[in-house]
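Worksheet for the structure shown next.
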Amino acid sequence: MERVEAKDYVFHRDFTKEYPMIVRAEGVYLYDEQGNRYLDASSGAIAANLGHGVTEIAEAMAEQAKTAGFVHTLRFETKVLHELAAEIGKMAPAPLNRVYFTSGGSEANESAMKLARQYHRDRGKLEKHIVIGRWQGYHGNTLGSLSAGGDIKRRQPYTPNLAKFEHIYSPYCHRCPYSRTEEICQREKRMPCAEELERLVKEIGPEFVSSFICEPIVGSQQGAVVPPKGYLQRVREICDQYEIVLIIDEVMTGFGRTGTDFAIEQFGVVPDIITFGKGVSAGYAPLAGMIVSDQIVESLVANGNGRFIHGYTFSGHPVSVAAGLAAVRYYKQKNVLANGKEQGEYLFQRLRDLQKRHSSMGQIRGKGLLVGFELLADRSRDQLFPPSFGAADRLNHEALKRGAVFYPGAGTIDGVNGDHLLIGPPLTITREEIDELVAILDQSLAAFE
Ligand code: PLP
């Protein structure tokens, strides 16, 4: 391959594609070198929650880089690290108080699953090592996090030799894999999707199961599907009964994305570990982590020589943490969550209107500004597109041509989930910008259909 330009040295995400060169970003917009403007209707990958060009965050990062650009947490700590941990610890439900930082969400989930294993091991339960995840879930791209989730496309090249994790189906009342409806489950007070967790634990043997990991509202794998009432409570009960660490992955849903600091607050359930990422620094720097319950930390101190046998060079990187601290303060000072909630409701209403005109729009769901809808080949017959058609990618391509970028999600091969479009603009978006987003979606759907 002849190398002519600098870009010829880049290991691109997809060598068959050309990517626009972004030269500037401000508010909800990205600008490329040709002068095209894109409305960032997916906050990158649901990360740029505060929009682009927030000078308070940029200045805090520059200041920290000048003061102490890198400090290794194996030997030292920094004031910004303490301050951000305190902010996040206070945000999380008690008794989740201890905050551990990583660079990305995949690392955060790896850390949580390893900590769960060490927790059992320290207490003499050496065999408790198996992780259960869900087929409709995504926890990252490292081998362990990928094994915990169910992203078929990303798992396939490594099958059958991915790490052996177990899985259950996520609840999806709209197309229930157990052929039930939410009404039946609520009436009978029994949810097969939750009971499946107990069945699987018994089949494996509770003495081998270490943790259960799930997203409170499923993001990229399902398109903002909210679990039915009581589901997460039942999961919590099962985890308690069999001494399984409950890890709630809030990498996408945390920091106000669904209207509250963490989505789990809305379900009245307290997990043992919450993992976070993306929105914590609003995308300004690689930053993620986990919030751990006092009980796990106390056990580590009492039974594990006080040390989590783990660690990354960039854990608690001062510049990333400074970005996080400035972002967390910005969320509060500018009342960003209230705006996100209000604009989320408005977006929902506008999408319902749009649905009357577009036969390809299926169920609309979500919370706050994490909203998704299913794409249908034929609504009159409730027929999904075949996954190989790439419906969501095609629709996103039409949107890109018209100046907006969404977060497309492919249908699952087992056919339980269809293609969907995830919409998650910055929480700072205005009503007028939502109108523009909907207008572009309207034209894109017309071209797609
Ligand atoms: N968990 C969830 C729910 C996510 O949506 C993602 C990324 O999309 C991850 C984990 C992985 O995070 P990262 O890409 O920062 O490693």
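For this structure, a couple of remarks:
- This model, with +1 at the C-beta of Lys and Arg and -1 at the C-beta of Asp and Glu, gives the chain a dipole about its Cα centre of some 500 debye.
- What separates the Cα centres of region 10-36 and region 123-164 is a distance of 32 Å.
- Multiplying the residue separation of ARG37 and PHE11 by 0.36 nm and removing their Cα-Cα distance gives an extension gain of 6.8 nm.
- Annotation: amide H of ALA377 within the under-5 Å range of GLN383, LEU384, PHE385, sequence separation 5 or more or interchain, hydrogens built in the peptide plane.
- Annotation: amide H-H contacts under 5 Å for HIS167 (H modelled 1.01 Å from N, sequence separation of 5 or more, or interchain): GLY133.
- Looking at region 60-140, the GluC sites (Glu not before Pro) that sit in a DSSP loop and have at most 14 other Cβ atoms within 10 Å of their own Cβ are GLU77, GLU127.
- Trypsin sites (Lys or Arg not before Pro) restricted to DSSP loop in region 129-212 with at most 14 other C-beta within 10 Å: LYS164, LYS189, ARG190
- Under 5 Å between amide hydrogens, built in the peptide plane, is the criterion, and for VAL225 it picks out VAL218 among residues at least 5 positions away or on other chains.
- Our summary gives region 57-333 a relative contact order of 30 percent, counting only alpha carbon pairs under 8 angstrom and 6 or more residues apart.
- Qualifying aspartates and glutamates (Cα of each under 12 Å from Cα of LYS341; at least 8 residues distant if same chain): ASP261
- Rounded Å value of the spacing that divides the Cα centres of region 56-98 and region 248-316: 14 Å
- Net charge of the neighbourhood of GLU18, taken over other residues with C-beta under 14 Å away and scored Lys/Arg +1, Asp/Glu -1, is -1.
- Only lysines eight or more places from LYS202 in sequence, or on another chain, were considered; those with a Cα closer than 19 Å are LYS125, LYS128, LYS164.
Values in this text are rule-based calculations from the coordinates and carry no lab data. Fair warning: this is a prediction, and the values are worked out from it, not measured in the lab. Methodologically, a virtual Cβ is constructed for each residue, glycine included, from the backbone with ideal geometry; neighbour enumeration extends over all protein chains shown.
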